[in-house]
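See below for the structure under consideration.
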Amino acid sequence: MPAPLSAEELAERKMRFLFTLRSKGITDARTLGAMERIDRGLFVRGLFADRAYEDMPLPIACGQTISQPSVVGLMTQALEVGPRDTVLEIGTGSGYQAAILACLARRVYTVDRHRRLAREAEALFARLHLNNIITLSGDGSHGLPDQAPFDRIIVTAAAEDPPGPLLSQLKIGGIMIVPVGQSDTVQSLIRVRRLEQGFDYEELRAVRFVPLVEGMASD
Ligand code: SAH
């Protein structure tokens, strides 16, 4: 294990982390505030823990990844979350994205197909007193029909197309962010707005996410 960081080195890394976010186009003050408040170091464990403040995706349990911070920032910013919004996240992973959303929204539902990831994230949310997150394990590609409709939906795994059940669970005027494309190639991050009639699609940038997989994981 690497030696623990001194308080000065930790503060320095966190400052550089925020500087990098700004330099990569995260300009929304609420998003930056939430990313300053939620310590990514708590969400990365083991071998890679000392790289938590670098702008790179990192491995987490169950063969999954915690997204690159600048991508988390861009997705959060593009989601335009307001304080009265109810947000659905598909792909809890480490819980980092959900924790950031919890600072901005009224309530966050987050779902992962790996029970272990959902359980570990839930324990972290409790430790951080993020009491407005509801963590569930299940196949999120069908959304949460009982809690729908949602003001905002964020999918943090790549789908071949924006999943139909999720589109139908978005409120009129609502926004969904979803990476779309084959999992082993470059995908496009898409912002979908639900209009009175139909949907408006906007391509934000190229990204790379683990695939959205149907069904529960066996572990
Ligand atoms: N948002 C996470 C990163 C997500 S990685 C973070 O901040 O750390 C993608 C996650 O999506 C993985 O944990 C994977 O298990 C989950 N996933 C993939 N397909 C899924 C599905 N159909 N339903 C729910 N979760 C899914």
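Read-outs throughout are calculated quantities, based only on the coordinates presented, and are distinct from any laboratory measurement. Note that the structure is predicted; figures quoted are calculated from it, not measured. With ideal geometry, Cβ positions are generated from the backbone for all residues, glycine too; neighbour counts draw on all protein chains shown.
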> Under the Karplus relation 6.51 cos²θ - 1.76 cosθ + 1.60, θ = phi - 60°, what is the ordered set of whole-Hz ³J(HN,Hα) values for segment 55-64, x standing for Gly and Pro?
Replying inline: 7, 8, x, 9, x, 10, 4, 6, x, 9
>> Under the √(5λ) rule applied to the eigenvalues of the Cα gyration tensor, what semi-axes describe the equivalent ellipsoid of the chain? Give them in Å, descending.
In response: 27, 19, 17
> If you count the DSSP beta bridges with both ends in segment 7-207, what percent of them are antiparallel, to the nearest 5?
Replying inline: 45
> Can you work out ³J(HN,Hα) from phi for every residue in segment 42-54, in order, using Karplus 6.51 cos²θ - 1.76 cosθ + 1.60 and θ = phi - 60°, giving whole Hz and x for Gly and Pro?
Replying inline: 6, 9, 10, 10, x, 3, 9, 4, 7, 9, 4, 9, 9
> Amide H to amide H under 5 Å from Gln64: which residues, 5+ apart in sequence or cross-chain, H placed 1.01 Å off N in plane?
Replying inline: none
> Under a point-charge model restricted to the Cβ atoms of Lys and Arg (+1) and Asp and Glu (-1), what is the dipole moment magnitude of the chain relative to its Cα centre, in debye to the nearest 20?
Replying inline: 460
>> In whole Hz and in residue order, list the ³J(HN,Hα) couplings for segment 202-211 that follow from phi through the Karplus curve 6.51 cos²θ - 1.76 cosθ + 1.60, θ = phi - 60°; x for Gly and Pro.
In response: 9, 8, 9, 5, 7, 9, 9, 10, 5, x
> Between Leu130, Pro69, Gln97, whose Cα lies farthest towards the positive end of the dipole of the chain when Lys and Arg beta carbons carry +1 and Asp and Glu beta carbons carry -1, centred on the Cα centre?
Replying inline: Leu130
